[in-house]
Structures are given as structure tokens and as C-alpha cells.
Amino acid sequence: MDNVTPEAYWKIFQMDTEGHKVFQELTSLYYDVESYTQGDSHATAYNEGKRAVMGYIINKMNESQLTQ
């Protein structure tokens with residue numbers, strides 16, 4: 001697997017207008033939502049998995065030197 005730089009994440013999701021729209025949609029669908037599902041640990045784990053992907057993307061962007 002090629003090593004994708006934090007700057008690449010930042011450019012795609014913050015500097016590109018369409019990429020920023022995609023980022024906003026993904027964040028609202030999978031990150032800014034409650035992952036806990038009462039009485040269903042499998043659903044909670046599934047939701048946390050989706051949330052973790054967005055967390056990874058956000059962390060990569062925060063590592064970018066372009067944010068400074």
C-alpha cells in the first residue's frame with residue numbers, strides 16, 4: 001500500500017470544493033452521530049466502525065502541515 005500523506009487528505013477534503021462537500025456529508029452521516037444502540041452491541045460495534053473511519057480521516061488531516 002502506498003503511504004498517503006496527511007497533506008493529500010487535507011487537499012482532497014478541505015481544498016477541493018467537491019471533496020469538502022463529500023467530507024461534510026460523510027461527517028454528518030458517520031461521525032457526528034450517536035453510535036450507541038441500546039440493547040444491540042453488534043449495531044453499536046458496527047456504528048463505531050463507521051465512525052472510526054471518519055476519525056482516521058480527521059486525524060490524518062490534522063497531521064497536515066497545510067493546516068498551520
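Only the coordinates and a few stated rules stand behind these numbers; no lab work does. Small disclaimer: the values here were computed from a predicted structure and weren't measured. Glycine also receives a Cβ, built like all others from the backbone with ideal geometry; neighbour counts cover every protein chain displayed.
Tabulated data
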{"item": "Acute angle (nearest 10 degrees) that the helix 41-62 long axis makes with the longest principal axis of the chain, alpha-carbon atoms", "result": "10"}
{"item": "Estimated 222 nm signal from helices in the chain, with DSSP H stretches of n ≥ 4 weighted -39500 (n - 2.57), rounded to 500", "result": "-19500 deg cm²/dmol"}
{"item": "Angle between the chain longest axis and helix 17-30 axis [Cα atoms, degrees, rounded to 10]", "result": "20"}
{"item": "More than 17 angstrom apart: percent of Cα pairs within the chain", "result": "49"}
{"item": "Residue with peak Gaussian network fluctuation, the chain [Cα springs, cutoff 10 Å], from Q24, Q38, Q14", "result": "Q38"}
{"item": "Net +/- balance of residues flanking T17 in space, Cβ distance below 14 Å, scoring K and R +1, D and E -1", "result": "-1"}
{"item": "Computed magnitude of the charge dipole of the chain (debye, nearest 20; Cβ of K, R +1, Cβ of D, E -1)", "result": "40"}
{"item": "For L66, net neighbour charge (Lys/Arg +1, Asp/Glu -1) across residues whose Cβ lies under 9 Å away", "result": "0"}
